[in-house]
Amino acid sequence: QQQVKQSPQSLIVQKGGISIINCAYENTAFDYFPWYQQFPGKGPALLIAIRPDVSEKKEGRFTISFNKSAKQFSLHIMDSQPGDSATYFCAASIVQYSNSGYALNFGKGTSLLVTP
Amino acid sequence: ETGVTQSPTHLIKTRGQQVTLRCSSQSGHNTVSWYQQALGQGPQFIFQYYREEENGRGNFPPRFSGLQFPNYSSELNVNALELDDSALYLCASSRTLAEQETQYFGPGTRLLVL
């Protein structure tokens, strides 16, 4: 079953706007939450990641907000650009060893289109 | 580009056949994970190899098997192919188990089963 639920499925934002993608999880053992960006024909590329001991992490135009009590985290893309048009995946994993190794559990993805 | 390479890029097989996909990890990386990405879905974890041993496995049947070689490159083998095996197969490498969370993905092999 899907351990990480992601929304929305698709998103259209005007250039310069803010793109917001949300994810929710159930397994409280998850302790690492990365976001990946995937362009057509390419593999996913790590964008930014957060551990649950902080509530926010910012790298350039990308910010992760993390709400441990609500078991939710989100990606904010500020000043969105047409070059940001891609599919974005949230993921969660257990950094401490588990019997499934160190699997990344991905959401279903959000297709972002930034219009000029 | 991550330095993770996969071959072939595309492959067409028929139901019941067997397939082998290959992955060369990024230099200095000793951990390789394989993922299956169906169309319009997120990647699903198949298994992970660390120093030539399977280190964990997702919810995939035994007809999905793998190998890791002394140079840390890896193979994914799928026997008795089914139509639902059609997907993009992604390989990801990471530097060590301690830093496993930073997984660098290759471009994938797109498999079509007819």
Checklist entry - Once phi is turned into ³J(HN,Hα) by the Karplus curve 6.51 cos²θ - 1.76 cosθ + 1.60 with θ = phi - 60°, what whole-Hz value does each residue of the range A:67-82 show in order, with x for glycine and proline? => result 10, 5, 5, 8, 6, 9, 8, 9, 10, 10, 10, 7, 6, 4, 10, x
Next on the checklist: Can you give me the convex hull volume of the Cα atoms of the range B:56-114, divided per residue and expressed in Å³?
Outcome noted: 106 Å³
Checklist entry - Shielding of B:48-54 by partners, i.e. mean partner chain Cβ atoms within 10 Å per residue? => result 1
Item to check | Summed buried accessible surface, chains B and A, 1.4 Å probe, nearest 100 Å² | outcome: 1700 Å²
Item to check | In Å, descending, principal axis extents of the Cα set of the protein assembly as shown | outcome: 48, 37, 33
Item to check | 19 Å Cα-Cα reach of A:Lys108 towards aspartates and glutamates, excluding residues that sit fewer than 8 places from it in its own chain | outcome: A:Glu26, A:Asp84, B:Asp84, B:Asp85
Item to check | Label point at B:Arg15 placed 7 Å out along Cα→Cβ; residues across the range B:81-96 whose backbone nitrogen lies under 14 Å | outcome: B:81-86
Checklist entry - Which of the lysines could be linked to A:Lys57 by a straight reach, that is with a Cα gap under 18 Å, when you skip same-chain ones fewer than 8 residues away? => result A:Lys68, A:Lys71
Checklist entry - Which value results when the Cα radius of gyration for chain B is divided by 2.2 N^0.38 Å? => result 0.99
Checklist outcome for this item: Note on chain A, DSSP bridge orientation, antiparallel percent to nearest 5 equals 90 percent
Checklist entry - Which whole-number percent is the relative contact order of chain B (Cα, under 8 Å, 6+ apart)? => result 37 percent
Next on the checklist: With a 1.4 Å probe and all protein chains left in place, how much accessible area per residue does chain B have, in Å²?
Outcome noted: 47 Å²
Checklist entry - So for B:Leu90, B:Leu83, what's the accessible-area order with a 1.4 Å probe, most first? => result B:Leu83, B:Leu90
Item to check | Per-residue HN-Hα couplings for the range A:12-27 [Karplus 6.51, -1.76, 1.60; θ = phi - 60°; Hz; x = Gly/Pro] | outcome: 10, 10, 6, 3, x, x, 9, 9, 10, 10, 10, 9, 9, 9, 10, 6
Next on the checklist: Quick check: convex hull over the Cα atoms of chain A, volume per residue in Å³, rounded to an integer?
Outcome noted: 101 Å³
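The values are calculated or read from the model by the stated rules, or taken from the named source; none is laboratory data. Note that the structure is predicted; figures quoted are calculated from it, not measured. Quick reminder, even Gly has a Cβ in these numbers, built from the backbone with ideal geometry, and neighbours come from all protein chains shown. Ligands, DNA and RNA are stripped out before the accessible areas are found, and what is left, the full protein with its side chains, is counted by its heavy atoms. Shrake-Rupley method; radii C 1.70, N 1.55, O 1.52, S 1.80 Å.
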